[in-house]
Amino acid sequence: MKKYIDFKLRSVVVLGLGILLFSGCERDLSDDVRFATFNTNPDIFTDDPVGLTDEFFESFDPATGANPEGFGTDNDVAFEGSSSIRIDVPAPDDPDGSFIGGIFRDRGEGRDLTGFDALTFYARGSTTATIGEVGFGNDFGENKFVVLAQNIRLSTDWRKVIIPIPDPSKLVQERGMFSFSAGSQSTNGFGFTFWIDELRFEKLGTIAQAQPSILGGNEGRFPTTVGGSLTIGQLQQTFNLESGINQTVIPAPSYFNFKSSDPNVAFVSELGEVTVVNTGTTEISASLAGVRAEGGILVESSATAQIISIFSDLFADVPVDNFNGFFENQTTLGGVVNENGNDIIQYTDLNFVSINFFSEENRIDASEMTTLNLQIRVDEAVDPGDFIRLELNNFLNGVESGSSFTIASSELIANEFVDFSIPLSSFEGLTDRSGLGLLFFVSDGTISSISVDNIFFSVE
Amino acid sequence: MKNKILNTHMRSILGHKALILSMFLLVVLGCENDDTQTVARLTTLVWEDNFDLDGAPDPSRWDYDLGDGTEQGLPGWGNEELQYYTDRPENATIQNGVLLITAREESFEGFEYTSARLLTKDLFEQQYGRFEARIRLPFGQGIWPAFWMLGADVDENPWPAAGEIDIMEYRGQEPTVLVGSVHGPGYNGADAISKEFTLENDRFDTGFHIFGIEWGPDFINYYVDDVLYNQITPEDIEEETDGEGVWVFNKPFFILMNLAVGGNFVGPPNAETQFPQTMLVDYVRVYEFDETVFNN
C-alpha cells in the first residue's frame with residue numbers, strides 16, 4: 001500500500017515538471033528535442049551548379065539511347081548573371097544517342113525541401129519546341145518522390161517554368177534536384193538547343209487548389225479472383241498557378257496515401273499495388289496531402305474468372321494483334337494514342353476498323369463471359385442517323401462468322417465518353433464465342449472520328 | 001458592374017500619394033498579420049452583418065437582384081454575363097457563420113449557370129464612411145465576384161450618372177489580382193478609373209482577405225488587408241477625363257455583392273473551370289464618417 005502511494009506521488013512530480021517545461025515556451029517542445037534537418041539551400045544552378053555532385057549532369061543510360069554529349073554551360077547566354085545551362089537536343093539518327101536526359105544530384109546527404117512549394121527555372125529555346133519531361137526527385141536510387149511535368153513549352157524568349165511540389169512535407173531529405181528528358185518529337189526530328197537558368201526551389205505561396213487524381217480520375221471496377229493484383233496508375237496532381245493556368249504533374253506513388261475500405265478483401269501497398277486476398281468487394285481510394293484524389297476502383301473478388309480485358313486502364317489486357325488492321329476498302333486511320341497521360345484508341349476517317357486478335361494464339365474464348373463493356377466518345381457533333389455498329393467475329397473450326405450490335409445516335413454524346421455494357425446475347429448471330437478474333441467498329445462514314453477506351457468482357 | 005467594360009490597365013495617377021501614405025502608416029502602425037487592418041481610421045460601426053445566423057440572409061438587410069437583367073432592361077446585366085440570379089439556398093445561404101454565394105453550372109430558366117446577387121438597396125444606404133468585407137474568393141476562368149456600391153438615386157438618375165464604386169472586383173483566372181474602380185459620367189465602362197493590386201506570395205482564393213474603402217467628401221481610399229493601394233480624388237477624375245468627368249460621390253450609396261459567370265470583364269468559363277464556385281463572406285461592416293479623423 002505504501003509502495004503504491006509512493007509511485008503515484010512520483011508520477012505527479014514528473015507530470016508537474018512536464019507542465020513547467022511546456023508552459024515555459026510557446027511552440028517548441030523543448031530545447032533538448034531537435035530533429036535532424038538537412039541542407040535547405042534552394043539553389044540548384046545560378047551561374048554555376050550549387051552544391052551538386054562533381055559530375056553535375058549525370059546522363060540517363062546511353063544504352064537506352066540517351067546522348068551524353070549535348071550537355072554544357074553557356075557563358076554567352078544567361079537570363080540573369082553570366083552563365084546558363086545549355087542543352088543540345090539531338091536528331092533521332094545522332095550516333096551518340098537519339099535524346100538527351102539525365103539528373104542533377106545534391107552532393108551531400110540530400111536537402112530539406114519542406115519549406116518550398118515549387119521547382120522553378122527560366123527556359124529559352126532556339127525554336128518553339130517542347131521539352132518532353134522535367135522534374136525532380138530522381139536520384140538514381142530509390143526514386144521514391146519523383147515528380148515529372150510533361151511537354152514544357154519553350155519560347156525563343158526566356159519564360160519561367162513552375163513545377164509544383166505535390167506535397168513538400170514528404171521531402172525532408174531529397175537528393176534528386178532536377179531531371180529532364182528531351183527529344184526532337186516536337187520539331188519533326190530536327191535537333192534544337194534550349195537553355196535553363198536560375199534553377200531553384202522556391203516558396204511561391206501561389207500554388208493552390210490541388211486536384212489530385214488516380215486512374216485518370218475514373219471510377220473503375222476490378223472484377224477478379226483471389227490472388228489477382230493491380231497497380232494503381234495514372235497518378236496526377238494538378239495545381240492552379242498565379243497565372244491562372246492549371247499545371248499538372250505526375251507524382252510518384254509515395255506521395256499518395258492509398259486506402260482499401262476492406263483490407264480483408266484486398267490490401268494496397270504504399271506504392272499503390274493492390275493484392276486481392278479474399279472474395280468480396282472493397283473500394284480502393286487515395287489522397288494526397290489530405291485532399292481526396294478523384295478516381296478509384298471497386299475490387300469485386302469472386303471464386304471464378306470474371307473478366308477478359310482487351311484494352312483498359314483497369315485490368316491486365318490480353319495480347320492482341322493490333323488496334324487497326326488497315327483492311328482493303330478501309331479509310332480509317334489511327335490507333336492507340338496518349339491523351340493527357342491516358343492511353344486511348346482514336347480513329348479518324350472512320351468507315352470501318354477492327355481490333356484484331358485473330359492470330360491463333362490471341363483468339364479469345366469468351367464462352368463464360370456475358371457482357372462486352374466499352375467506352376465510346378464521338379469526337380465530333382452527333383447527328384440523327386449516325387451510328388456505331390459493333391461486330392464480333394468468331395472462328396470455329398476454321399470458319400469465320402460475324403455478329404453485330406448497333407448503337408444508335410441517341411445513345412452517343414459528342415466529345416464525351418459514354419459507358420456501354422452490352423449483353424453478348426444482344427449480338428445478332430453470335431452463337432459460339434469460343435474463338436473471337438475481331439471486334440469491328442462500323443459507321444459507314446456517318447461518324448468519322450471516335451475514341452474508344454476500356455474494352456473488356458465480363459461476367460455480370 | 002453595370003454597363004461597363006473595365007480597363008485592365010492601371011489608371012491611377014496618384015499612385016505616389018498612396019505609396020507615401022501607406023509607408024507612413026506602416027511606420028506608425030507596424031506590421032500586423034492578423035485580420036485587423038491598420039490602414040483604415042474610421043472606427044464607429046453603424047451597420048454590419050456577420051452572418052451569424054445559418055440559413056437565408058437577413059431580409060431586413062439584404063434584397064436580391066433576380067434573373068438575367070432583362071426585366072431591368074439590362075440583359076446579361078449589361079456585361080454579357082452568363083448566369084441567372086436566384087434567391088435559392090443553392091446560390092445564397094449562410095452556413096457556419098459565413099455567407100456563401102455560389103455559382104453553379106446547371107440548366108435553369110434557359111441559362112447554363114446560376115448564381116446570386118445581394119444588395120442593400122432601399123434597406124441601407126450611406127454617404128461617406130468606411131465600407132469593408134472579409135471575403136474568400138473563388139477561382140477559375142470566367143469567374144467574376146464583386147463587392148461594390150451604386151448611387152442610391154440610380155432609379156431616378158440612371159447609371160453612369162448615379163455613380164459606382166467597385167471596392168473589389170477580381171478575375172478567377174488571375175487569382176492574385178484585385179481591381180478597385182470608380183465609374184461616373186465621363187469615366188465609365190472601358191474608361192473607368194481603376195487600379196489593380198497584386199498580392200505577393202499569396203492568393204485571394206486560399207484564405208479570407210479584407211477589401212475596403214474609406215470615403216470622404218473629396219477622396220476614396222482603397223485598401224486590402226493592411227495595404228492602402230489607391231486614392232481617388234475629384235482632381236484625379238478631372239485630370240483623367242480632361243475636365244469632362246464629374247465627381248458624383250457626395251450622396252448616399254448602397255452595397256452589392258455578387259458572383260457573375262462570364263461577361264466582358266472575364267470572358268466565358270472554359271473546360272478547366274470547376275463548378276460550383278463559392279464566394280465566402282465572413283462579414284460586411286460599415287463605419288460612420290468622421291471628418292475630424294482626417295483633419296488631424
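Taking segment A:368-408 as the range and being part of a loop (DSSP other than H, G, I, E, B), under 20 Å from A:Leu438 (Cα atoms) and over 34 Å from the mean Cα position of the chain (by Cα) as the test, the residues that pass are A:Asn397, A:Gly398.
Only one of the numbered conditions (1) within 20 Å of A:Phe456 (Cβ to Cβ); (2) touching a residue at least 40 places away in the same chain (Cβ under 8 Å) is not met by A:Tyr255, and that is (1).
Of the residues that sit in segment B:163-195 and are in contact (Cβ under 8 Å) with a residue 60 or more places away in the chain and among the aliphatic types (A, V, I, L, M), which one is nearest to the other protein chains (Cβ to nearest Cβ)? Among those residues, the one meeting the criterion is B:Val179. When A:Val318, A:Val265, A:Val276 are screened for being within 23 Å of the chain's Cα centre (by Cα) and over 30 Å from A:Phe358 (Cα atoms), only A:Val276 passes.
Select from segment B:130-145 the residues that are surrounded by 22 or more Cβ atoms within 10 Å (Cβ to Cβ) and away from every other protein chain (no Cβ under 12 Å) and write down the one among them that is farthest from B:Asp282 (Cα to Cα). Out of the qualifying residues, it is B:Trp144. Evaluation of B:Ile167 against the conditions (1) surrounded by fewer than 20 Cβ atoms within 10 Å (Cβ to Cβ); (2) of a type outside the set (Gly, Ala, Ser); (3) closer than 18 Å to B:Phe265 by Cα shows that the sole unmet condition is (1).
The single residue among A:Gly108, A:Gly115, A:Gly81, A:Gly132 that is outside any helix (DSSP H, G or I), open to solvent by 10 Å² or more (accessible area, probe 1.4 Å), on the phi > 0 side of the Ramachandran plot and not assigned by TED's automatic domain parsing to the domain that holds A:Leu241 turns out to be A:Gly81.
As a summary of the residue check, A:Pro166 satisfies the conditions (1) in contact with a strand residue (DSSP E or B) (Cβ under 6 Å, 6 or more places away or on another chain); (2) without any contact (Cβ under 8 Å) to a residue 40 or more places away in the chain; (3) not in a strand (DSSP E or B) except for the one numbered (2). All conditions but one from (1) within 22 Å of B:Val224 (Cβ to Cβ); (2) more than 17 Å from the chain's Cα centre (by Cα); (3) aliphatic (A, V, I, L, M) apply to B:Leu178; the one that does not is (2). When A:Phe323, A:Phe315 are checked against the criterion of being out of contact with any Pro (no Cβ under 7 Å at 6 or more places or on another chain), modelled with pLDDT of 95 or more and buried (at least 18 other Cβ atoms within 10 Å of the Cβ), A:Phe323 stands alone in meeting it. Taken together, the residues in segment B:261-296 that are farther than 26 Å from B:Ile143 by Cβ, open to solvent by less than 40 Å² (accessible area, probe 1.4 Å) and not β-branched (Val, Ile, Thr) amount to 1.
Per-residue answers, yes or no, for (1) touching a Gly at 6+ places or on another chain (Cβ under 8 Å); (2) buried (at least 22 other Cβ atoms within 10 Å of the Cβ):
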| site | (1), (2) |
| --- | --- |
| B:His183 | yes, yes |
| B:Thr198 | no, no |
| B:Arg203 | yes, yes |
| B:Thr206 | no, no |
| B:Trp215 | yes, yes |
| B:Asp226 | no, no |
| B:Ile232 | no, yes |
| B:Ile237 | yes, yes |
| B:Gly245 | yes, yes |
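Inside segment A:409-460, residues that are small (Gly, Ala, Ser), within 28 Å of the chain's Cα centre (by Cα) and buried (at least 20 other Cβ atoms within 10 Å of the Cβ) make up a count of 1. Taking the residues in segment B:253-296 that are small (Gly, Ala, Ser) and away from chain A (no Cβ under 14 Å) as candidates, determine which candidate is farthest from B:Ala152 (Cα to Cα). Applying the filter and picking the extreme gives B:Gly262.
Given segment A:169-266, what strands (runs of 3 or more DSSP E) lie entirely inside it while holding 1 or more residues that are of a type in the set (Val, Ile, Thr), away from chain B (no Cβ under 14 Å) and closer than 30 Å to A:Phe71 by Cα? Once the strands (runs of 3 or more DSSP E) in segment A:169-266 are filtered for at least 1 residues that are of a type in the set (Val, Ile, Thr), away from chain B (no Cβ under 14 Å) and closer than 30 Å to A:Phe71 by Cα, what remains is A:192-202, A:246-251. Consider segment B:187-196 and keep the residues that are more than 15 Å from the chain's Cα centre (by Cα) and closer than 22 Å to B:Asn221 by Cβ. The one that is most open to solvent (accessible area, probe 1.4 Å) is B:Asp191. In this structure, B:Ile213 does not satisfy being more than 14 Å from chain A (Cβ to nearest Cβ), closer than 21 Å to B:Gly243 by Cα and modelled with pLDDT of 95 or more.
Contact map, segment A:140-163: residues that are assigned by TED's automatic domain parsing to the domain that holds A:Ser181 paired with residues that are of a type in the set (Ser, Thr, Tyr) and in a loop (DSSP other than H, G, I, E, B), Cβ distance under 8 Å, separation 6+ or inter-chain. Pairs shown: A:Arg153/A:Thr128; A:Leu154/A:Thr127; A:Leu154/A:Thr128; A:Ser155/A:Thr128; A:Thr156/A:Ser126; A:Thr156/A:Thr127; A:Thr156/A:Thr128.
For segment B:84-93, a residue qualifies if it is open to solvent by 10 Å² or more (accessible area, probe 1.4 Å) and part of a strand (DSSP E or B), and the qualifying residues are B:Tyr84, B:Thr93.
Looking across segment A:263-287, just one residue is surrounded by fewer than 16 Cβ atoms within 10 Å (Cβ to Cβ) and either among the basic types (Lys, Arg) or touching a Leu at 6+ places or on another chain (Cβ under 7 Å) (or both), and that is A:Glu283. Reported count of residues in segment B:100-123, each being among the small types (Gly, Ala, Ser), open to solvent by less than 10 Å² (accessible area, probe 1.4 Å) and part of a strand (DSSP E or B), is 2. Restricting attention to segment B:54-83 and to residues that are closer than 18 Å to B:Ile143 by Cβ and open to solvent by 50 Å² or more (accessible area, probe 1.4 Å), the residue that is modelled with the highest pLDDT turns out to be B:Leu82.
There is at least one residue in segment A:348-362 that is part of a loop (DSSP other than H, G, I, E, B), closer than 24 Å to A:Ile422 by Cβ and modelled with pLDDT under 95.
The values are calculated or read from the model by the stated rules, or taken from the named source; none is laboratory data. These figures come from a predicted structure and were not determined experimentally. Please note: Cβ atoms are built from the backbone with ideal geometry, for glycine as well, and neighbour counts cover all protein chains shown. Note: areas computed on protein heavy atoms with side chains; ligands, DNA, RNA excluded. Shrake-Rupley method; radii C 1.70, N 1.55, O 1.52, S 1.80 Å.
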